[in-house]
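Report on the structure given below.
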Amino acid sequence: MLTIGLTGGIASGKSTVARRLAERGATVVDADAIARALQEPGEPGLEGIVAEFGPGVLTPEGRLDRPALGTLVFADPAARARLNAVIHPLVRAEAERLAAAAGEDAVLVEDIPLLVETGRHDRFDLVLVVQAPEEERVRRMVEDRGMTAGDARARIAAQATDAERAAVATTVLVNDGTPQQLRERVDAWWDAEVAPRRRTPA
């Protein structure tokens, strides 16, 4: 198995990269998707969040009020650490289960937004970091996600810096063009770094 850690800041284009890697044949384990599933009603993640932060983080229907929780934790590093302590162990356990099911010949990509922050980069054969200019990331969050510019910048500031991610990367993909250009950069990286490792000796 070839293991790849994929990371990048919010609105960097990491999801586009993950989709393209899946199209090229990788098994992608998405930490964010796992976390969202764990935060559904009746799931242990949501139960842990309510136990830690109280019922004020729930909607009247009993679902997680993501904007309310996001406002709380991105404004307070201590609150963010409390949330991570609830969610991260659950996400890791499920990611490990999915990875084990992928098979020994898989190209396994673990899409982990907080790869650097959690210090897990040294678990992987390759670490692929997606970067985009900060102003472009802010624009995407404002136009595509309905955030204010201030909220967008706060989200960026709460994560690792580009320099911190680059320091652990085996490759940095810069997303400063169109989505198609980014997919082409993923293809070039795959052909240069992944495909040669997957060839069976004659």
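The values are calculated or read from the model by the stated rules, or taken from the named source; none is laboratory data. Since the model is a prediction, treat every value here as computed from it, not as a measurement. Positions of Cβ are backbone-derived with ideal geometry, glycine not excepted, and every protein chain shown enters the neighbour counts. Just so you know, the surface numbers come from the protein's heavy atoms only, side chains and all, with ligands and any DNA or RNA stripped out. Shrake-Rupley method; radii C 1.70, N 1.55, O 1.52, S 1.80 Å.
Looking only at region 161-195, count every residue that is touching a residue at least 60 places away in the same chain (Cβ under 8 Å) and of a type outside the set (A, V, I, L, M) and tell me the total.
Number of matching residues: 9.
If I ask for residues that are surrounded by 13 or more Cβ atoms within 10 Å (Cβ to Cβ) and part of a helix (DSSP H, G or I), which ones from region 121-144 would you list?
His121, Glu134, Glu136, Arg137, Val138, Arg139, Arg140, Met141, Val142, listed by residue number.
Listed here are the residues, each with its yes/no results for (1) assigned to a helix (DSSP H, G or I); (2) closer than 27 Å to Ala101 by Cβ.
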{"residue": "Val28", "(1), (2)": "no, yes"}
{"residue": "Gly42", "(1), (2)": "no, yes"}
{"residue": "Ala51", "(1), (2)": "yes, no"}
{"residue": "Asn84", "(1), (2)": "yes, yes"}
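Does Gly45 count as touching a helix residue (DSSP H, G or I) at 6+ places or on another chain (Cβ under 9 Å), open to solvent by less than 20 Å² (accessible area, probe 1.4 Å) and in contact (Cβ under 8 Å) with a residue 24 or more places away in the chain?
Yes; evaluated as a whole, the condition is true for this residue.
Within region 51-64, how many residues turn out to be without any contact (Cβ under 8 Å) to a residue 12 or more places away in the chain and surrounded by 16 or more Cβ atoms within 10 Å (Cβ to Cβ)?
Counting residues in region 51-64 that are without any contact (Cβ under 8 Å) to a residue 12 or more places away in the chain and surrounded by 16 or more Cβ atoms within 10 Å (Cβ to Cβ) gives 1.
Give the residue that is surrounded by the fewest Cβ atoms within 10 Å (Cβ to Cβ), with candidates limited to residues of region 1-26 that are in a helix (DSSP H, G or I) and among the β-branched types (Val, Ile, Thr).
Thr16
Restricting the search to region 108-120, which residues are open to solvent by 10 Å² or more (accessible area, probe 1.4 Å) and hydrophobic (A, V, I, L, M, F, W, C)?
Answer for region 108-120, where residues must be open to solvent by 10 Å² or more (accessible area, probe 1.4 Å) and hydrophobic (A, V, I, L, M, F, W, C): Ile112, Leu114, Val116.
Name the single residue that is farthest from Gly13 (Cα to Cα) among those in region 145-171 being in contact with a strand residue (DSSP E or B) (Cβ under 9 Å, 6 or more places away or on another chain) and open to solvent by less than 70 Å² (accessible area, probe 1.4 Å).
Filtering first and then ranking leaves Val168.
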